[in-house]
Structure formats: structure tokens, C-alpha cells
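K.L.:
Below is a structure I'd like to ask you about.
Bear in mind that the values in this text are calculations on the coordinates, not laboratory data. All of these numbers come straight from a predicted model, not from anything done at the bench. Note that we place each Cβ from the backbone using ideal geometry, even for glycine, and neighbour counts take in every protein chain shown.
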Amino acid sequence: MSTRSRERTREMRAARAAELARERRRHRTFQVVGAVVIVGLLAGIAFAVARSVTSDTGVEATGKVVVPANVEAGAFPVGDAKSPVTLDLYYDYMCPACGAFEAANSKDLSRLIADGTLRVNLRVLSFLDRMSQGTEYSTRAANAYATVADRAPNKVWAFHTALYDNQPEEGTKGLSDDRIAEIATEAGVPAGVVDTFADGTHRGWVAQSTREASRAGVSSTPTVLINGKVFAGDWSRPGVLATAIEDAAAGSSR
């Protein structure tokens, strides 16, 4: 994909993020009146998350769980452990809102990681398997990510970003295994690692991570925490999340 094509994709996702944010604001206007309805919707979302990993996803609840190396408490950390700010990101590779989040914030996050301000804990989920016409795209992409975390950890962030640069539309079959492998290779993942994606070694771990997130109360993606607290700001507006991270870093130095 050319640089201009990537920029157009990011612009489209940023526009979609802005629309999602406007929709959230409209919903908040009716929050008090519609409290019962909102509670019902959240319960439905939580049920859907739980159901996605206990139905016909190809990974049984009792299936073998192989935790990737370099994963800490369910997350793969990107950045210096001494960074003053930690951001936990719960996401699904099929999730349109997650794609919009990446389009709006990926460059800022990369900059803040590089300058030592930020450490990102990537927490992958697969609750949108049901939105890929039976191909289990969320699980397949998450398994590939976990394999890279296990065997080529220095390439995780580049691969993660590249998957969103090439994100398929929700409701499609998603990317083929061959295309996921191509993206990984383009991101610098060694061929020996890419060749093991098809083994599905970490599918059980992906399912377990999704279950655990649901039990912890994560009912939507992206869910973003800054130093353990849910970020309630408008991440769709360029710079808003970065400012919150920088403010948190400044506060920790006082």
C-alpha cells in the first residue's frame, strides 16, 4: 500500500472516529432518561462478548492455553518499563472503532513510546469472530500477533500497526491467512516466525484473554486505561489522548 493510500485510510478512519464520538455525545444527552435501556445494552454487549468465546469459535473453553512468551499479566508491553505513564489498550483486530482509534492516535503513541513517556500494554480480544462470516478473523489475527509476541517481540508494534493499516471491513471474511503473513513479512517479522502462524498455537490463549476481559468488566473496544483509570475523553479528536498522557507524565514527576 502506498504512503498516500495509507494516509487516505487513516483520514477515513479518523472521520469515522469523529462520527462515533458524536454519537456517544448524543447518547450521553439522554443518559438519565434512558438509563434502563443503556444498562440493558451493556448487559447485551457483555453477553455477546462471553458468548463469542463459548460458542462455535473453534476454541473450546477447556482447550489448550499456550501463553506467549513476553506477555505479562495478559498483556504484551511496548515501551520502557520505567516510563511514567502506562496505557492499557483492549482491542479487537476486526473492530472498526479500534481502527479509528489507531488512525487518530497511532503516531502520537509511537512518539510517546519512543521518547520514554509511555508504555502500552496491548490486550487483544476476539469477541468479533462472529462478524467475519465464519472465518474467525479476530482469532486468526490475534493468534498471529501472539506468535510474534512469543518469537519476535521487537516486531510486535510494527505488526500491530500494519494490521490496522490493512484492516478489513467488519462483516467481511477478513484478511486471508496468506495476507496476514504478507503483512507480517512487510513489517519485518522473520519468515521462520510467519511460517508458524498456521499452527494456531495461541488460539486457546486468545480465547482465555477474551473471557478474562469480559469477567473484568470490559464490554466494548477500544477500552483505554491511563495508569489504571479508564480514559473517558474523546480519543477521536487528534491530540486529546496524547495531551492526557503528557499531563499524566507531568503529574507523576511532581
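K.L.:
What's the extension gain from ASP80 to VAL230 if we count 0.36 nm per residue and subtract their Cα-Cα distance? Mind dumping the intermediate values first?
P.N.:
Details: separation 150, 0.36 × 150 = 54.00 nm, distance 2.13 nm.
Result for the pair: 51.9 nm of gain on full extension.
K.L.:
While we're on this one: Which of rounded, prolate, oblate describes the stretch 180-250, given a ≥ b ≥ c as roots of the alpha-carbon gyration tensor eigenvalues and a/c under 1.5 marking rounded, otherwise prolate only if a/b is larger than b/c?
P.N.:
On the way: a/c = 3.05, a/b = 1.57, b/c = 1.94.
It is oblate, given that a/c is not under 1.5 and a/b is not larger than b/c.
K.L.:
Still on this structure, I have one more. How many nm separate the modelled label positions at ASP195 and ASN154, each set 7 Å beyond the Cα in the direction of the Cβ?
P.N.:
2.1
K.L.:
So, one more: Hey, can you grab everything whose amide H is under 5 Å from the amide H of ASN121? Only 5+ residues off in sequence or another chain; H modelled, so Pro and N-termini drop out.
P.N.:
VAL78, LEU87, ASP88, LEU89
K.L.:
If you don't mind, another one. Stretch ASP115-GLU169 to full length: gain in nm at 0.36 nm per residue minus the Cα-Cα span? Show your work: numbers first, answer last.
P.N.:
Details: separation 54, 0.36 × 54 = 19.44 nm, distance 3.31 nm.
Roughly 16.1 nm would be gained on extension.
K.L.:
Apply the Karplus parameterisation 6.51 cos²θ - 1.76 cosθ + 1.60, with θ equal to phi minus 60°, to every residue of the stretch 79-87 and state each ³J(HN,Hα) to the nearest whole Hz, in sequence, with x for glycine and proline.
P.N.:
Coupling constants for the stretch 79-87: x, 6, 4, 8, 4, x, 10, 10, 10 Hz.
K.L.:
Under a cut-off of 21 Å between alpha-carbon atoms, report the lysines in cross-link reach of LYS155, not counting same-chain residues fewer than 8 places apart.
P.N.:
LYS82, LYS107
K.L.:
Another question, then. With θ taken as phi - 60° and the coefficients 6.51, -1.76 and 1.60, list the Karplus ³J(HN,Hα) couplings across the stretch 130-145 in order, rounded to whole Hz; mark glycine and proline as x.
P.N.:
Values, residue by residue: 5, 9, 10, 6, x, 8, 6, 4, 4, 5, 5, 5, 5, 4, 4, 4 Hz.
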